[in-house]
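Down below is the structure, laid out as structure tokens.
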Number of protein chains: 2
Amino acid sequence: MTAAPQGSDDPVAPVPADAVALGDLDGSVSFMLRIAQVTVYDRIFSAEADLPLKLGEHTVLKVVGDNPGARQGAIADKLMIKWSHMTKVVSGLEERGLVERYVPPQDRRSVFLRLTDAGRHVVADMNLRLDALDAGATAALDADDRAELLRLLHKILGWPSATSS
Amino acid sequence: MTAAPQGSDDPVAPVPADAVALGDLDGSVSFMLRIAQVTVYDRIFSAEADLPLKLGEHTVLKVVGDNPGARQGAIADKLMIKWSHMTKVVSGLEERGLVERYVPPQDRRSVFLRLTDAGRHVVADMNLRLDALDAGATAALDADDRAELLRLLHKILGWPSATSS
DNA sequence: GCAATATAATTCACTTGTAAACAATCCCGG
DNA sequence: CCGGGATTGTTTACAAGTGAATTATATTGC
């Protein structure tokens, strides 16, 4: 590739239309994770655009519902959301009346979160729809593939493989 | 901020320290992809903080190097970067002297990209380091696991499984 | 040739997410 | 009690990324 093209008038190449080669990038776990994640999110939202919550909001609300009395920061850590961002997300959810902040008297620095009835309702609605959307966005995978993928992702994270269900 | 309700209000819970339960969220492909992706990126950057490029910048430069004469938008599409964002990234790389924009005479709307010598050098440097960092961030996986994971991610995307070594 | 339309990239306004400084509170050793 | 230090959450400024409108060029139909 050192054809020493001078100036700005060199031919460079005929013009490879839209077939761009990724080279060995498709063997990079970090790259493939990003592409796959972006693609799956895109598919979920293009499949059904009228969702009442963004995916991140849903996970927050769901975990809040499953962990009454959990500190906001602890939930943020578990979901790998920065505290500063968590503050924004929770404020947004609170303004929409889906969660309540509650400062417990035994440690007035911390903030506990509780679902409102509206919050519980929205989460339940999303839970129902998301299973199908999640599966639909990865429809190329059969059940075994999906289980295997989840196992590998858990393994990366050092999480106990959830054989629960 | 609600006034701390005490007395008749429920105690919520003793306070589950930092053991937050995710429930069945760890069985959601979209959620697990996000968590895994964020974790892997974090690990790569905490492992070696003095990288000359961010991961996204590296992929752009690498693909530019592998596809001389490719339009900027075609590369953006392949990498799932929006054109408006691609403009920013390329401008940043151009300012640092790593790529050159080149408007071909046969279609003066489009922009071709070319690595500069400095760009080539930086990409080569990153290529060397990233293989190890990528593997290090997923050290919990053995070679078979990694190959299987990549196969499944390719399958989600509908990409031909690259068994090319 | 020329208007209408499509395409490529950019700009601008905005959302999402991060980093660093800050304020409030708790804890611990004198 | 009380001062230093740690913890928790918020604020502020910024970076990453998206979407709609804009500019410039190309293409197509008449």
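The values are calculated or read from the model by the stated rules, or taken from the named source; none is laboratory data. Just so we're clear, the structure is a prediction, and the values are computed from it rather than from any experiment. When we count neighbours, we look across all protein chains shown, and the Cβ atoms used for this are built from the backbone with ideal geometry, even at glycine. To get the accessible areas, we keep the full protein, side chains included, count just its heavy atoms, and leave off ligands, DNA and RNA. Shrake-Rupley method; radii C 1.70, N 1.55, O 1.52, S 1.80 Å.
How many residues are assigned to a loop (DSSP other than H, G, I, E, B), without any contact (Cβ under 8 Å) to a residue 24 or more places away in the chain and within 12 Å of DNA strand C (Cβ to nearest atom) if we restrict to the stretch A:59-86? Steps first, answer last, please.
Initial filter on the stretch A:59-86 (assigned to a loop (DSSP other than H, G, I, E, B)): A:67-70, A:79-82.
Subsequent filtering for residues that are without any contact (Cβ under 8 Å) to a residue 24 or more places away in the chain retains A:67, A:79-80, A:82.
Those still in the list that are within 12 Å of DNA strand C (Cβ to nearest atom) too: A:79-80, A:82.
The number of residues fulfilling the criteria is 3.
How many residues are open to solvent by 30 Å² or more (accessible area, probe 1.4 Å) and within 11 Å of chain A (Cβ to nearest Cβ) if we restrict to the stretch B:29-64? If you could, list the steps in order and put the result at the bottom.
Looking only at the stretch B:29-64, we keep the residues that are open to solvent by 30 Å² or more (accessible area, probe 1.4 Å), and these are B:34, B:38, B:41-43, B:45-50, B:52, B:54, B:56.
Now drop any that are not within 11 Å of chain A (Cβ to nearest Cβ), which leaves B:34, B:38, B:41-43, B:45, B:56.
Looking only at that region, the number is 7.
Any idea how many residues of the stretch A:74-93 are over 22 Å from B:SER30 (Cβ atoms) and more than 9 Å from chain B (Cβ to nearest Cβ)?
4
Select from the stretch B:109-165 the residues that are in a loop (DSSP other than H, G, I, E, B) and either open to solvent by less than 20 Å² (accessible area, probe 1.4 Å) or in contact with a helix residue (DSSP H, G or I) (Cβ under 6 Å, 6 or more places away or on another chain) (or both) and write down the one among them that is farthest from the other protein chains (Cβ to nearest Cβ). First the steps, then the outcome.
As a first pass, look at the stretch B:109-165 and keep what is in a loop (DSSP other than H, G, I, E, B): B:109-111, B:116, B:138-142, B:158-165.
The next check asks that each one be either open to solvent by less than 20 Å² (accessible area, probe 1.4 Å) or in contact with a helix residue (DSSP H, G or I) (Cβ under 6 Å, 6 or more places away or on another chain) (or both); those that pass are B:110-111, B:138, B:140-141, B:161-162.
On the way: B:SER110: 8, B:VAL111: 12, B:THR138: 5, B:ALA140: 5, B:LEU141: 6, B:SER161: 9, B:ALA162: 5 Å.
Taking the candidates together, the pick is B:VAL111.
If you go through the stretch B:87-129, how many residues are more than 16 Å from DNA strand C (Cβ to nearest atom), within 19 Å of the chain's Cα centre (by Cα) and more than 12 Å from B:LEU61 (Cβ to Cβ)?
Looking only at that region, the number is 2.
Among what's in the stretch B:71-86 and is open to solvent by 30 Å² or more (accessible area, probe 1.4 Å) and more than 8 Å from DNA strand D (Cβ to nearest atom), pick the residue that is farthest from B:THR59 (Cα to Cα).
B:ARG71
May I ask you to list the residues in the stretch A:87-103 that are more than 7 Å from DNA strand D (Cβ to nearest atom) and either surrounded by fewer than 17 Cβ atoms within 10 Å (Cβ to Cβ) or touching a residue at least 24 places away in the same chain (Cβ under 8 Å) (or both)?
A:VAL89, A:GLY92, A:LEU93, A:GLU95, A:ARG96, A:GLY97, A:LEU98, A:VAL99, A:VAL103
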